[in-house]
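Q: Following this message is one structure expressed as structure tokens.
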Ligand code: DI6
Ligand code: FE
């Protein structure tokens, strides 16, 4: 449909996820007034101001409208896949055997380096389309499988291209500090100084970077190494975020909080002090149940500490070929509830309001005046249904920047 410049979306229940004193910020018999891609007014039909009364109307037939979904942590740009490794492991192969057969993250790095820009784009499109088909209007995309000067930039160029090819906002994150490539084995510090930081500066100069991330873990980089990358980000005026405390407690969360991180991601092993530091810094906890499930992790993220200390929680797919080959935000919501005992309302906030915040996007993730008119319309009666089902997509339509 070619939506007019200004119109009313009516005959709908609105889960606004905005600051209202009711669960989900719910409005029954609601109206959203849209003008030039932004929300001008939101409220119950019987309170519609006179000025809007003669605007054209589009009925949603009593359906539920939520903010467009936001996937705030993905690695959807990569070459190849790791299905063979998945199969080998389930046939009893050890970690070493998988590695000797060329598996693991290095296999994705090789396949990504070999791929052309066009191949990276074509490979990522079906993953992006799967997210869009479930109502995503914003998707974050990380680099981190090139691990070289030109290859990291190529991944980010592919991410930018995705945002031109589809009606979706793509936010790019530089993740040069994801792993040390084979040619720098045992020389992590040299990799950070000679490749990662120069690649970050070059990518920034090309306008390819919206935020900077790292993987702080005993199998990846130490807090001291990550801090050098964060300093470079700070010099460029870029916000930071961090994969921290996923497999062990390394102190990455405290570091990220000191740098005012937009988010700290995974956080299974985060402590109550970490939660306090995140709350003080205003960092979002990005919870990634797809990785928890895939690697059969048993340590749960400290959801209660996040609640107690008022740390906003987001949920994301972490879509990547190794630890989370997941392209469904609805399933992610269900996993957040079933695995981590998040409430369905927390799950919906996690893929809307708090996910937007994890990306520093002030005009997304809520249905409220002044926000972008990015909406998802669902064939459900109540918002709790979105997290409840497993493997079912009730999306009726998606509205991006006011256009259906
Ligand atoms: N955490 C993870 O679980 C993945 N990356 C990260 O920072 C693993 C990525 C992969 O195996 O390809
Ligand atoms: Fe990740």
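No lab work stands behind these numbers, since they all come straight from the coordinates. Computed from a prediction, not measured in an experiment: that's the story for all the values here. Note: ideal-geometry Cβ built from the backbone for every residue, glycine included; neighbour counts use all protein chains shown.
Q: For Cα pairs less than 8 Å apart in space and 6+ apart in sequence, what is the mean separation divided by the residue count of the chain, i.e. the relative contact order in percent?
A: Contact order relative to length: 20 percent.
Q: Connecting C-alpha atoms closer than 10 Å in a GNM of the chain, tell me which of 88, 300, 17 has the biggest fluctuation.
A: 88
Q: Report the calculated FRET efficiency for residue 194 and residue 299 (r = Cβ-Cβ distance, R0 = 30 Å), to the nearest 0.05.
A: For residue 194 and residue 299, the calculated efficiency is 0.30.
Q: Taking all pairs of distinct Cα atoms, average 1/r, flip it, and tell me the Kirkwood hydrodynamic radius of the range 1-101 in Å to one decimal place.
A: When all Cα pairs of the range 1-101 are included, the Kirkwood radius is 17.4 Å.
Q: If the elastic network links every pair of Cα atoms under 10 Å, which of 137, 294, 173 fluctuates the most in the Gaussian network model of the chain?
A: With Cα springs under 10 Å in the chain, the top fluctuation among 137, 294, 173 is at 294.
Q: With a 10 Å Cβ neighbour count serving as the proxy for reagent exposure, in which order, fewest first, do 266, 73, 305 appear?
A: Ascending number of Cβ neighbours within 10 Å: 305, 266, 73.
Q: What is the calculated FRET efficiency for residue 149 to residue 234, with r their C-beta to C-beta distance and R₀ = 22 Å, to the nearest 0.05?
A: So, using R0 = 22 Å, E works out to roughly 0.55.
Q: If you consider only alpha-carbon coordinates, what radius of gyration and Dmax does the range 136-264 have, in Å?
A: According to the Cα coordinates of the range 136-264, Rg and Dmax are 13.9, 43 Å.
Q: Where does helix 105-114 land angle-wise versus the long Cα axis of the chain, in degrees 0 to 90, nearest 10?
A: So the inclination is approximately 80 degrees.
Q: Cα atoms only: what Rg and Dmax, in Å, come out for the range 69-182?
A: That works out to 14.7, 43 Å for Rg and Dmax.
Q: What nm value, rounded to one decimal, do you get for the distance between residue 96 and residue 21 when each label is placed 7 Å out toward the C-beta?
A: 6.5
Q: Given the options 385, 50, 369, state which has the largest fluctuation in a GNM of the chain using a 10 Å cut-off (strictly under) for Cα springs.
A: Highest fluctuation of the listed residues: 50.
Q: How would you rank 336-348, 316-328, 180-192, highest first, on the average number of other Cβ atoms within 10 Å across their residues?
A: 316-328, 336-348, 180-192
Q: Can you list the equivalent-ellipsoid semi-axes of the range 269-404, largest first and in whole Å, using the square root of 5 times each Cα gyration tensor eigenvalue?
A: Listed largest to smallest, the semi-axes of the range 269-404 are 25, 20, 13 Å.
Q: Right, here's the next one. Output needed for the range 200-267: three equivalent-ellipsoid semi-axes, defined as square roots of 5 times the C-alpha gyration tensor eigenvalues, in descending order, whole Å.
A: 21, 11, 10
Q: Further question on the same structure: Where does each of 395-401, 203-209 land if you order them by average Cβ count within 10 Å, highest first?
A: The packing order, highest mean first, is 395-401, 203-209.
Q: Could you check what % of the DSSP bridge pairs in the range 214-349 are antiparallel, to the nearest 5?
A: Looking only at bridges with both residues in the range 214-349, the antiparallel portion is about 5 percent.
Q: Something else: Taking only the alpha carbons of the chain, what extent do you get along each of the three principal axes, in Å, biggest first?
A: On the principal axes, the chain reaches 69, 47, 44 Å in Cα extent.
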